[in-house]
1. Right, GLY554: under 22 Å from LYS761 (Cα atoms) and surrounded by fewer than 19 Cβ atoms within 10 Å (Cβ to Cβ) or not?
2. Does the range 629-644 include one or more residues that are at pLDDT 90 or above and under 21 Å from ARG583 (Cβ atoms)?
3. Out of curiosity, is PRO371 crowded, with 24+ Cβ neighbours inside 10 Å, under 25 Å from LEU306 (Cβ atoms), at pLDDT 95 or above and within 16 Å of the ligand (Cβ to nearest atom)?
4. Go over the candidates GLY334, GLY343 one by one and state the one that is touching a residue at least 60 places away in the same chain (Cβ under 8 Å), among the small types (Gly, Ala, Ser) and more than 22 Å from MET83 (Cα to Cα).
5. Restricting attention to the range 703-713, does a residue exist that is of a type outside the set (Asp, Glu), assigned to a loop (DSSP other than H, G, I, E, B) and free of Cβ contacts under 8 Å to residues at least 12 places away in the same chain?
6. For the range 483-498, name all the residues that are surrounded by 21 or more Cβ atoms within 10 Å (Cβ to Cβ) and either over 21 Å from the mean Cα position of the chain (by Cα) or within 16 Å of the ligand (Cβ to nearest atom) (or both).
7. Determine whether the range 294-317 contains at least one residue that is of a type in the set (D, E, K, R) and assigned to a strand (DSSP E or B).
8. For the range 25-74: of the residues being part of a strand (DSSP E or B) and basic (Lys, Arg), which is farthest from the chain's Cα centre (by Cα)?
Amino acid sequence: MKNRIYLNNDWEFSDEFNEKMLSPKFKGKWESVRIPHSVTETPFNSFDESIYQKISLYRKSFKTETEWAGKRIILTVGAAAHMAEVYLNGEKLAEHKCGYTAFSVDLSDHLAPAGKANILAIKVDSRESLDIPPFGYVIDYMTYGGIYRDVYLDIKNPVYIQDVFVKTSSNHLESEITLEGGDVPEGYTVEQKVVSAASLGGEPSACITTAAAKKILTACDASPVVAWTLENPALYNLVTVLKNEKGKAVDTKTVRFGFRDIRFDETGFYLNNKKIKLRGLNRHQSYPYVGYAMPKNMQTDDADILKYELGLNYVRTSHYPQSHAFIDRCDELGLLVFTEIPGWQHIGGEKWQDQAVENVREMILEYRNHPSIFMWGVRINESQDNDALYTRTNELAHKLDSTRPTGGVRFLQHSHLLEDVYTFNDFVHEGNNRGTRLKKNVTDTKKGYLISEYNGHMYPTKTFDDERHRTEHAIRHANVLDSVAGDDEIAGSSGWCAFDYNTHKDFGSGDRICYHGVMDMFRNPKLAAYVYGIQQDNSVTGDILEITSSMDIGEYPGGTIDGIWILTNADSVKLYTGNTFIREYTSADSPYKNLKKGPIPLFDVIGNRLVDEDGVKPSHSEAIKELLRAAQKYGMEKIPFKYKLKFVKLLLCRAVTFKKLEKFYWKYMGSWGGSQSSHKFEAYKDGKIVKTVIKTPGKKTGIELSTRRTELLEEETYDAVCVNIRAKDEHFNLQPYCQEAVSLSVKGPIAIIGPSVVSLKGGMAGTYVKTLGRAGKAQLVVTDWQGNETYMNFTVKVKKI
Ligand code: GAL
């Protein structure tokens, strides 16, 4: 007999609701849907958020199996946004008031007789007028609606293991077992065994406990074990077996966990006593078109992007608990997670606050076995001080989990600190000032201090903004990262934010998008993404070499290019103009002294050419280059006095004449009306070329498709994957101002999520394909504006579980 049955397929759905529909006999028109599901498919942008605010009904029929006799049948709904009522065969059994946490309902006593069909109906209210968090005032993110995480039935014996909470330090393990289902009969025992989830390190000894109580505490020294670290996130399983008086197993629960120790103090954050500077971004769990409704592997892909593409060691799940698939993957990747209760600035009345406290309970009970979670956010994001409420949330958090600190995200300086860590949104950086405030100006606490947000609305940036803007966005992220890296009182930071997101009319750029991400909504990188990527070793992110400019003078006012940066995690970068070697750049050339790999300014595009080609004396070359740079920056006529003086000095020693200087300017600094130079950048790692970028006028533009997975797997439900679409020239340079449309079609057992024509934005777009329950070969065909077809092939596998 199956112990878990997924109920993700074959739901009937209606986004119109009336009471009559709750009757199992109700016929009417239903749409057939699979979960994860969004009540409304939304456009990419420029739509009204009222389109997903409604009352909907989901209905599913399932048979009472004969073998369920005498068992408990427990329904779990992973997430239903935002208020759910559960009906079985017309009878209301439960309601749940949080769109971001799971809930369970015991159906056992209400099932139809064996062999007969049950009608399970879930009424879902996605209106933002609900009196529950996060609602009540404006919110800077869309909240969508629907049943968007797995739904399943667990078949249990009358007494079963409801929960096992594993607490570890480096090699010690304690567990709290909660039994459910009435009095525990005499003679029942519990046995536990720790096994390695991956084949990592030794196997700790088993813990054997004999007890007959509803709560059982176990403890054991487990050694030798491999600690859960960022580099080697070793995972173990604690298998707990409940046995009856005859020694027969009546229930088994396996919980994955890691051995690790976490600590904050005024000197920073420590994982297993090793100080770690947290370097992260905030993640919203939304996607174009389907909002929150994306299956397991899409969640996993996001975690992979954060670790392998953005090189982070930490993510904040702003502003609510997110999918277990996402956090499971963070456990596997060694990506630390700060998760928090739903909410945004607003605190409601008494009932609303009770629900916020309830959300703390649900979040902690549901998520506390994830080793990656290092802190609970128990304040409503950016709310005002409210000692009564936050005393309750902190007390409850500490009671339910003694192993993790609490935080609570605020924008207030010197606010009341009832939490263990002062988590502060520091938006002080405006481009030319310090990246962060000094801790002493924010709080006088001796407790830990973490920056939970920065940048974001201070500098919204679209993939299709001009180059100077996109570059400034990247540099502002570098400025804050450098400031955090250089300040021992700051445990780390998470920037706002990883991905652009759909938002309400009160925020964003007027088209219902907040362009605050270092990636767009399809997870295409902006320049700022590379600033994060290069902070990681190439063994994690691969070799990165990105030049922030296309080196087209016409992109800049007056034809004056300035502020070009090299972003690389290589050892050095050699620049060639044509075939002439100009200079080798290294990290020593970066002004960012606290970052291992700071952006490197491309300050010299002339190298030794004045000497080699123009007969300038080596001793004068650098001074002339400085003059040329100043002329480029300020214009010949507006050149500041100090450069004029330098010029006079050079004139006096006959190093240069005005005419010559002018000639050099047109030759080297690019001229309006002249032909463009070609530049080649070669990145070196351990003496070998690992990456080459060529900036030269391209002759043709085509489509490049990329995807993170070509094998799609149906398990608990359908699978989906993103395909990124980018316009590139023949040198693989992105064409950021190619805004053409492409049309999409599929062959085989997949379907497109969203429209079948999409336009590139900033030279980039994306689409999603999903499986349809059938195995086979499939293909996405992208036809560009020139009539050219590009393909992405997939294999779909279906695993019955
Ligand atoms: C913060 C807020 C975030 C987002 C961000 C934009 O104040 O917590 O949700 O709105 O600003 O920069």
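1. On the way: under 22 Å from LYS761 (Cα atoms): yes; surrounded by fewer than 19 Cβ atoms within 10 Å (Cβ to Cβ): yes.
The answer is yes for GLY554.
2. yes
3. No.
4. So the residue among GLY334, GLY343 that is touching a residue at least 60 places away in the same chain (Cβ under 8 Å), among the small types (Gly, Ala, Ser) and more than 22 Å from MET83 (Cα to Cα) is GLY334.
5. Within the range 703-713, not a single residue is of a type outside the set (Asp, Glu), assigned to a loop (DSSP other than H, G, I, E, B) and free of Cβ contacts under 8 Å to residues at least 12 places away in the same chain.
6. Within the range 483-498, the first condition is being surrounded by 21 or more Cβ atoms within 10 Å (Cβ to Cβ), and the residues that meet it are 483-485, 487, 490-498.
Across the range 483-498, the qualifying residues are SER483, ALA485, ASP487, ILE490, SER493, SER494, GLY495, TRP496, CYS497, ALA498.
7. Taking every residue of the range 294-317 in turn, at least one turns out to be of a type in the set (D, E, K, R) and assigned to a strand (DSSP E or B).
8. Kept after step one, since they are part of a strand (DSSP E or B), are these residues of the range 25-74: 31-33, 55-63, 72-74.
Checking the rest, the ones that are also basic (Lys, Arg) come to 59-60, 63, 72.
Details: ARG59: 32, LYS60: 32, LYS63: 39, ARG72: 37 Å.
Applying the filter and picking the extreme gives LYS63.
The values are calculated or read from the model by the stated rules, or taken from the named source; none is laboratory data. What you see is a predicted model; the values in this text were computed from it and never measured. Cβ: placed from backbone, ideal geometry, glycine included. Neighbour counts: every protein chain shown.
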